[in-house]
Structures are given as structure tokens and as C-alpha cells.
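Data first, discussion second: the structure below is written as C-alpha cells.
Readers should treat all values here as calculations from the given coordinates under stated rules, not as data from a laboratory. Every value quoted in this text rests on a predicted model; they were computed, and no experiment measured them. All Cβ positions, glycine included, derive from the backbone under ideal geometry; neighbour counts span all protein chains shown.
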Amino acid sequence: MSHPKYPKLLEPLDLGFTTLKNRVLMGSMHTMLEEAPEGFERMAAYYGERARGQVGLIVTGGISPNDLGHALPIGEAMDNIPYAAKHKQVTKAVHDEGGKICMQILHVGRYGYTEKNVSASDTKAPISPFPARALTEEEIEFTIESYAHSAAMAQYANYDGVEIMGSEGYLINQFIAAKTNKRTDGWGGSYQNRIKFPIEIVRRTRERVGENFIIIYRLSMLDLVEGGSTWDEVVELAKEIEKVGATIINTGIGWHEARVPTIGTVVPRGGFAWVTKRMMGEVKIPLIATNRINTPEIAEKVLNDGCADMVSMARPFLADPEFVIKAMEDRGDEINTCIACNQACLDHTFTMQVCSCLVNARACHETKLNYEPTTQKKKIAVVGAGPAGLASSTLSAMRGHEVHLFEAEGEIGGQFNMAKVIPGKEDYAETIRYFNRQIELTGVNLKLNTRVTSEELLRQDFDEVILCTGVTPRKVEFPGSDDSRVLDYAQVLYHNATVGERVAIIGAGGIGFDMAEFLAHQGESPSQDVSLYMKEWGVDMDYTKGGSLAESPLPEPSAREIYLLKRSKGKHGKKLGKTTGWIHRSSLSMKKVNMIGSVVYDKFDDQGLHIQVGEEKRVLAVDNVIVCAGQEPLRDLKDDLENANVKVHLIGGANEASELDAKRAINEASYLAASI
Ligand code: NAP
Ligand code: SF4
């Protein structure tokens with residue numbers, strides 16, 4: 001019988017020789033556990049937990065087929081029995097939970113951060129400092145053989161199949177695109193020659209592994225780079241790949257060097273499903289849609305709209321291993337939703353740290369962080385219901401403690417209430433929804449509109465107090481800074497202060513950037529509207545030329561004239577996330593936000609904001625100045641409580657306001673709750 005709410009999503013998928021229990025693929029993500037000490041044990045726990053959560057099929061992070069295909073100078077290739085044997089720990093953990101798992105074979109080609117980079121031709125990727133040398137014809141033969149051998153090794157390790165990574169600008173894409181394949185031998189020149197490389201890989205892999213083994217081919221359906229494939233070429237390749245034995249085709253969107261954000265929080269939910277939809281009917285094997293699908297509702301809609309046969313989600317399974325089972329049991333409101341921030345996952349991978357998840361600190365730390373039932377029930381007060389207070393209170397209550405959560409405002413969420421109004425950050429509201437539900441489920445005693453005093457806390461005789469009182473916006477001092485037209489960010493984002501048409505923002509950190517984004521937009525946010533988003537970022541949905549890029553991005557004009565100011569020298573947004581900073585910078589540049597550095601603030605008066613930039617004095621004729629100059633911690637209660645010998649824990653912004661950060665706040669809260 002089909003599921004009443006998600007009939008398509010939870011429908012089994014018959015692949016002939018095997019059946020997937022539903023239409024949900026946990027997409028590939030390199031977590032750096034692959035290289036970590038005790039990595040296999042940790043991966044077994046990580047994937048096993050997702051299998052227990054009933055996901056239909058898992059794909060591992062990418063593993064190189066040989067030593068020339070690594071992304072980093074470290075890493076092992078799936079080319080030998082001893083290494084394959086280690087993977088049996090992972091496959092066993094998944095199979096023990098009744099799940100299925102494929103290993104992704106990924107050769108990064110010129111995207112490596114190593115001096116060994118190879119590619120179709122001698123080229124250098126704009127995102128790697130290391131040039132690549134062209135593979136010789138012999139080496140091409142060897143590489144194809146490595147893919148097939150690697151698949152055989154995966155089969156030996158008891159994987160249910162492999163995914164051959166043919167998109168995102170990696171080696172296979174580098175062979176397919178004329179811009180990176182300048183060969184004059186049989187592997188270059190015409191499109192038919194250039195696609196021989198992936199076709200041979202799939203053909204020989206199928207020959208090697210036999211019929212009853214899943215081969216997913218990740219096909220670059222939208223390159224988003226100049227000189228990328230045309231739609232007809234993509235379809236031709238899909239048909240060839242089907243012919244030579246792929247079981248499923250997964251969708252790849254955009255090379256890593258593309259100028260269009262494809263997975264960031266600014267991308268509309270399900271925003272690229274239209275690409276997979278174009279391919280429906282061109283091949284008979286199942287197709288998978290990807291990118292920014294993060295709730296069961298969106299996933300169901302993608303399937304219901306006929307965009308694909310299956311959906312892939314990667315980051316949502318870091319955020320919540322029980323995504324599928326919660327949907328199955330009609331507990332969708334309990335899902336901890338991925339907010340696409342990249343802060344603890346991709347930003348970690350790109351800085352060579354083990355991944356985690358901003359909203360779920362246990363992700364990839366399943367063997368290290370566990371919330372066991374307490375044997376010693378305590379009465380705990382948590383003060384402040386921002387991210388730190390929400391995580392510490394609900395997790396402590398889940399362990400069996402009696403928890404009282406005090407919040408001065410009339411709602412929970414703290415700084416997330418400001419984040420959720422920024423265009424492109426609407427998903428932050430999901431985290432608040434999740435915690436509201438957790439408060440109900442775990443029985444946290446929530447008291448809103450309560451600015452609790454130390455006397456009250458002492459009177460109630462708590463065993464321990466967790467202070468998550470957060471921060472207050474930092475004030476700046478110059479003549480006129482006390483004018484009512486000089487506002488702080490909370491007045492604008494939380495208290496809806498009216499802002500004029502010409503604005504100067506003081507401080508270009510994360511919140512200064514967010515503020516500029518907020519003020520630049522009016523009406524519909526492009527992150528809510530797929531066509532508007534594609535137009536703004538220059539994606540041609542009609543696919544008139546290869547790569548599907550429009551002549552240029554066509555952003556809506558900014559709603560205001562905006563100056564984003566900072567005192568320090570250098571590029572704006574240098575400290576923003578590795579994988580998201582460029583998006584914020586591009587977005588504001590497209591909106592023609594004036595970014596000025598090396599600024600000295602002189603005064604504010606009826607003429608506007610008087611500044612100095614080097615030797616030059618300027619007056620910015622603005623109606624308002626908005627101060628986004630960081631925060632000061634709020635920890636008023638600490639001394640009184642400690643003087644009365646109460647055990648106090650200070651976490652989140654109240655502990656350390658500089659680099660105020662929800663990732664750190666939730667992480668600190670989670671480890672504290674596990675140990676209290
Ligand atoms: P922030 O990153 O510390 O930036 C505040 C900026 O204000 C500083 O970089 C500083 O720049 C300037 N400033 C500091 N004191 C000042 C003073 N007395 N007078 C004038 N300017 C002053 O703080 P934030 O923007 O509030 O962000 C806080 C945290 O929130 C971030 O670290 C991040 O973790 C998180 N967040 C991130 C994002 C994102 O990544 N998109 C978005 C929102 C929040 P100068 O010295 O150069 O002037
Ligand atoms: Fe999603 Fe952010 Fe968690 Fe990554 S860190 S999985 S983007 S919520």
C-alpha cells in the first residue's frame with residue numbers, strides 16, 4: 001500500500017536484479033573520514049546509522065581508481081585487495097541494517113591539489129594551483145582499466161554497486177568538453193571521440209562486474225561553463241551510457257569552477273530538477289534528480305512533477321540520519337533540516353577537517369558523541385533559547401534531565417530569527433521549527449518572555465545552569481553615532497526598523513554581507529523562484545548553447561544604493577566560508593553594492609556619513625547608517641551564580657562573542673549535553 005503523504009518517494013524501485021526500498025539516494029559526500037584515523041570504524045558507524053534510517057541507497061564519498069586520481073596528496077586508491085578488505089567494515093554495517101551501498105569512483109583529473117595532476121590535455125583548472133599534464137594514450141588505457149578494476153575491488157568489498165563520477169568538472173568531464181580536451185588522437189577532436197572515454201569506462205566496468213551489480217553513472221546534464229556540452233550532446237551520451245550497461249543515471253549540475261551557485265543556500269529548493277526532467281523519456285533506465293532537495297515535501301514534488309524516478313540528497317543526511325524513517329512514520333516535522341550553509345560540511349572538506357554538520361554535531365562523529373540516558377537526573381536551567389540554548393536544553397532533556405529553558409523574547413531562535421529573513425536563508429526557519437518540536441518531544445519546560453534573574457535561578461535551586469545568553473550588537477562611537485538614523489542590525493532584521501533608499505553599512509563581516517543582501521532585495525527573493533534565480537545568475541533554461549549559460553547574468557537592480565564599509569584593508573568577505581564567500585561577493589557585486597575598505601569613520605550628520613579613505617575625505621549622502629560591527633557577549637548572570645557556588649557553563653556567543661558562530665554554539669552545546 002502506498003504511503004498517504006509521500007507515495008512516490010517511499011515507493012520501491014525495481015532494478016530487475018535487486019529492489020531499492022524507496023526512491024531516496026544518499027548522495028556522495030567526501031567527509032574526510034576516508035583519511036581520518038579509525039576512519040573505517042567511523043565510516044561504518046556513520047553509514048550504518050543512515051542505513052538504519054531506511055535510506056534506499058547510499059553512495060560513498062569519492063574514492064580514486066588509481067594513484068593519479070586523488071584530490072589531495074594523501075589518500076588511498078581502490079586498486080588492491082588489502083584496501084578493499086578494509087571497506088568490508090563499511091558494507092557490513094550497512095547490510096546489517098538492511099541497507100544498500102555503492103562506492104563512488106572518482107578521478108579528479110586537473111582538480112587535484114597535487115603536483116601529480118593529470119587530465120585530457122595540458123591545462124590548469126582555475127580552482128587548483130597545480131597545472132595538469134595530458135595523459136598518454138597508454139595511460140588512458142590504464143585509467144579505463146583502473147575504473148573497471150576498482151569496481152571489481154568494490155564488488156570484492158561487498159558493495160552493491162558503484163557510481164562512476166562523470167560530472168562536476170572532474171576527469172571524465174575534462175575528456176568530454178572541448179575546452180579541456182584538445183587532443184588530436186582518437187580520444188579528442190569530435191564529440192564522439194571525446195565521449196569514448198566515459199563510454200569505455202562504463203562498458204568495461206559492466207563487463208568486469210557482471211549483470212547483478214548496480215552501476216550509477218553521474219552524468220553532467222548542465223555544465224554551466226563556456227564550451228560545455230549542448231543538450232543534444234548530453235542526450236547522446238546518456239543513450240550511449242545506457243547502451244553499455246549503466247543501471248541508473250544520476251544528475252550532475254555545474255562544474256566546480258562554474259560561476260553559478262548550484263548547492264548554496266541561495267539556490268531555490270529543488271531548483272535544478274527541471275534539468276533532469278528534460279532527460280525523462282530519453283532513456284529507459286531510472287534517472288535521479290539532485291541539488292537543494294532537503295525536505296520530503298520537495299522530494300515528493302520533484303517525483304510527482306515527473307522530474308525524475310529518484311531523488312538524491314547528500315547534506316540532508318548529515319543533518320538527520322533518520323530523514324527517511326521520519327517521513328515514513330509521518331514525523332516529518334521532526335526532521336532536522338539541512339540549511340545548505342556548508343559551514344561544517346564542505347567548508348571542512350576544503351580545509352581538510354573531518355566533516356560535521358552545523359545543525360547536527362554528531363554527523364561523522366557517531367563513535368565519539370552520543371547522548372546516553374543519564375543515570376543521575378539533574379535539575380538544569382538553560383538561559384537563552386538561541387542555537388546554543390536550544391541544542392543544550394533539548395539534548396539534556398532527551399538524556400533524562402529536568403530542563404527549564406528561559407528566553408527573554410516571545411519566541412525561540414535567537415540570532416536565527418535574524419538569519420531567516422535574509423534572502424536565501426529562509427531555511428534557517430526550519431531549524432527553529434525543528435527545535436520547537438524537540439522542546440515538545442523532550443519535555444523541556446520553556447518559559448518565554450522571561451528575563452530570568454540570578455535571584456530567581458538561585459531560588460529554584462538548580463543543580464547546574466547553562467548560560468546561553470548570547471550577544472548584543474557592538475556599538476560604535478563617533479560624532480553623530482547616537483543619531484536615531486544610525487541603527488544596529490538587530491533593529492533592522494528583528495525589529496523591522498524602516499530604512500531609507502541610501503544606506504551605509506559599517507562592518508563587512510558575515511552580518512554586514514547579510515545586511516547588504518537584505519537591503520538590496522525587494523519583493524520576491526530569487527531563492528524562492530527558480531526562473532528568477534536562473535535569470536539573475538545567467539543560466540539559460542532553454543539551453544541555446546553548450547554549457548547552458550546565458551550571455552550574462554541579469555540581476556534585478558538593487559532596491560537601494562548601498563555602501564558596505566570596513567576599516568581593514570584587502571578584499572571584502574575574506575573571512576566568509578570557503579565555499580560560500582564567493583557567492584556572497586558575486587551577488588553583491590551584481591547588485592552594484594559599493595564595497596569600500598580602509599575606511600575611517602569621522603561623523604554622521606544631515607549631509608550623511610563622513611569618512612576618510614586613505615588621504616581622501618568623502619561624504620556618503622545616506623539616509624541611514626547600519627552598524628554591523630560584531631558583538632559583545634552577554635553574561636550578566638555568571639558572577640552572581642558562581643559566587644553562590646552554582647555550577648555554571650558558559651557556551652555559544654556568551655562564551656566567545658568574536659567569531660560568534662552557530663556551528664560552534666551547537667557543537668559546544670552538544671558535547672556539554674552529552675556529558676552533563
Ligand atoms: P564579524 O565577522 O566579527 O564582523 C564585524 C566587522 O565589524 C569586523 O570584521 C570589523 O571589520 C568591524 N568592526 C568591529 N569592531 C568595530 C568597531 N568598533 N567599529 C567599526 N567597525 C568594527 O561579525 P559579524 O558580521 O557580526 O558576524 C559574526 C559571525 O556570524 C561571523 O563570524 C559568522 O560566523 C557568523 N555569520 C556568518 C555569516 C556568513 O558567513 N554569511 C553570516 C552571518 C553571520 P573592520 O575591522 O574591517 O572594520
Ligand atoms: Fe547542511 Fe549546513 Fe549541515 Fe552542511 S553544515 S549538512 S550545509 S546544515
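What is the calculated FRET efficiency for K647 to L441, with r their C-beta to C-beta distance and R₀ = 22 Å, to the nearest 0.05?
Details: r = 26 Å, r/R0 = 1.20.
The computed FRET efficiency comes out at 0.25.
I want to make sure I understand the PRE zone here: with the label point 7 angstrom from the Cα of I74 toward its beta carbon, which residues in segment 109-125 have backbone N atoms less than 19 Å away?
112-117
What per residue convex hull volume, in Å³, do the alpha-carbon atoms of segment 526-676 yield? It would help to have the intermediate numbers written out before the result.
On the way: hull volume 31.2 nm³, N = 151.
Spread over its residues, the Cα hull of segment 526-676 gives 207 Å³ apiece.
Set Lys and Arg Cβ to +1 and Asp and Glu Cβ to -1, take the dipole of the chain about its Cα centre, and tell me which of S586, I506, G384 lies farthest positive.
Comparing the listed Cα positions along the dipole, S586 ranks first.
Mind running the shape call on the chain? Use the C-alpha gyration tensor, a ≥ b ≥ c as the square roots of the eigenvalues: rounded below 1.5 for a/c, prolate if a/b tops b/c, oblate otherwise.
Working: a/c = 2.04, a/b = 1.36, b/c = 1.50.
It is oblate, given that a/c is not under 1.5 and a/b is not larger than b/c.
Which FRET efficiency value, to the nearest 0.05, do you get for E97 and S2 by plugging their Cβ-Cβ distance into 1/(1 + (r/R0)^6) with R0 = 30 Å?
Working: r = 24 Å, r/R0 = 0.79.
The calculated FRET efficiency here is 0.80.
Over segment 52-120, what lengths in whole Å, largest first, do the semi-axes of the equivalent ellipsoid take, defined as the square roots of 5 times the eigenvalues of the alpha-carbon gyration tensor? Write down the numbers at each step before the final one.
Details: eigenvalues 152, 36, 13 Å².
Working through the eigenvalues yields semi-axes of 28, 13, 8 Å.
For segment 515-556, I need the span (max minus min coordinate) of the C-alpha atoms along each principal axis, in Å, sorted largest to smallest.
That gives 36, 16, 11 Å along the principal axes, largest extent first.
What are the ³J(HN,Hα) couplings of segment 329-334, residue after residue, when phi is run through the Karplus curve with 6.51, -1.76, 1.60 and θ = phi - 60°? Round to Hz, x for glycine and proline.
Each residue of segment 329-334 in turn: 8, 6, 10, x, 6, 9 Hz.
Please state, to two decimals, what the Cα-based radius of gyration of segment 482-549 comes to when divided by 2.2 N^0.38 Å (N = residues). Mind dumping the intermediate values first?
Details: Rg = 16.7 Å, N = 68, 2.2 N^0.38 = 10.9 Å.
Relative to the rule-of-thumb radius for its length, segment 482-549 sits at 1.53.
Could you please state, rounded to a whole Å, how far the C-alpha centre of segment 467-532 is from the C-alpha centre of segment 124-180?
Each part reduced to its Cα centre gives a spacing of 46 Å.
Compute the signed sum of charges (Lys and Arg +1, Asp and Glu -1) over the other residues within less than 13 Å, Cβ to Cβ, of H256.
Numbers: positive: R110, R259, K578; negative: E168, D223, E257.
Taking every Cβ under 13 Å from that of H256, the sum is 0.
Report, in debye and to the nearest 20, how large the dipole of segment 475-518 comes out about its Cα centre when Lys and Arg carry +1 and Asp and Glu carry -1 on their Cβ.
Working: 3 positive and 7 negative charges, 9 e Å.
Roughly 40 debye for segment 475-518.
Using the scaling law 2.2 N^0.38 Å as the reference, what is the normalised Cα Rg of segment 457-593? Before the final figure, lay out the partial values.
Working: Rg = 19.8 Å, N = 137, 2.2 N^0.38 = 14.3 Å.
Against the compact-globule rule of thumb, the ratio is 1.39.
Per residue of segment 244-260, in order, report the coupling 6.51 cos²θ - 1.76 cosθ + 1.60 (Karplus, θ = phi - 60°) as ³J(HN,Hα) in whole Hz, putting x for Gly and Pro.
8, x, 5, 8, 9, 10, 9, 9, x, 10, x, 5, 4, 8, 5, 8, 9
So for segment 95-234, what are the equivalent ellipsoid semi-axes in whole Å, largest first, each being the square root of 5 times an eigenvalue of the Cα gyration tensor?
Values: eigenvalues 140, 50, 46 Å².
With the √(5λ) rule applied to segment 95-234, the semi-axes are 27, 16, 15 Å.
What is the sum of charges around G581, taking Lys and Arg as +1, Asp and Glu as -1, for the other residues whose C-beta is under 11 Å from the C-beta of G581?
Numbers: positive: K571, K574, K575, K578, R585; negative: D347.
Residues near G581 contribute +4 overall.
Distance check, please: which entries in K535/K566; K425/K575; K8/K535 exceed 21 angstrom between their Cα atoms? Show your work: numbers first, answer last.
Values: K535/K566 31 Å; K425/K575 19 Å; K8/K535 31 Å.
Those over the limit are K535/K566; K8/K535.
Using +1 on the beta carbon of Lys and Arg, -1 on that of Asp and Glu, and nothing else charged, what's the dipole of the chain about the Cα centre, debye to 20? All intermediate terms of the calculation are to be shown ahead of the outcome.
Working: 75 positive and 91 negative charges, 113 e Å.
For this selection, approximately 540 debye.
Given 0.36 nm per residue, what is the gain on full extension from Y156 to E501 after removing their alpha carbon distance, in nm? Walk me through the intermediate numbers first.
Values: separation 345, 0.36 × 345 = 124.20 nm, distance 6.48 nm.
Gain on extension, Y156 to E501, equals 117.7 nm.
Rounded, prolate or oblate: pick one for segment 343-473, where a ≥ b ≥ c are the square roots of the eigenvalues of its C-alpha gyration tensor, a/c under 1.5 means rounded, and failing that, prolate if a/b is larger than b/c, else oblate. Could the numbers behind the result be given before it?
On the way: a/c = 2.09, a/b = 1.29, b/c = 1.61.
Oblate.
Once you keep just the Cα pairs under 8 angstrom separated by 6 or more residues, what percentage relative contact order results for the chain?
Values: 1544 pairs, mean separation 79.6, N = 676.
Relative contact order for the chain comes out at 12 percent.
Give me the net charge for the shell around E411: Cβ to Cβ below 12 angstrom, other residues only, Lys and Arg +1, Asp and Glu -1.
Working: positive: K420, R433; negative: E407, E409.
Spelling it out: positives minus negatives among the neighbours equals 0.
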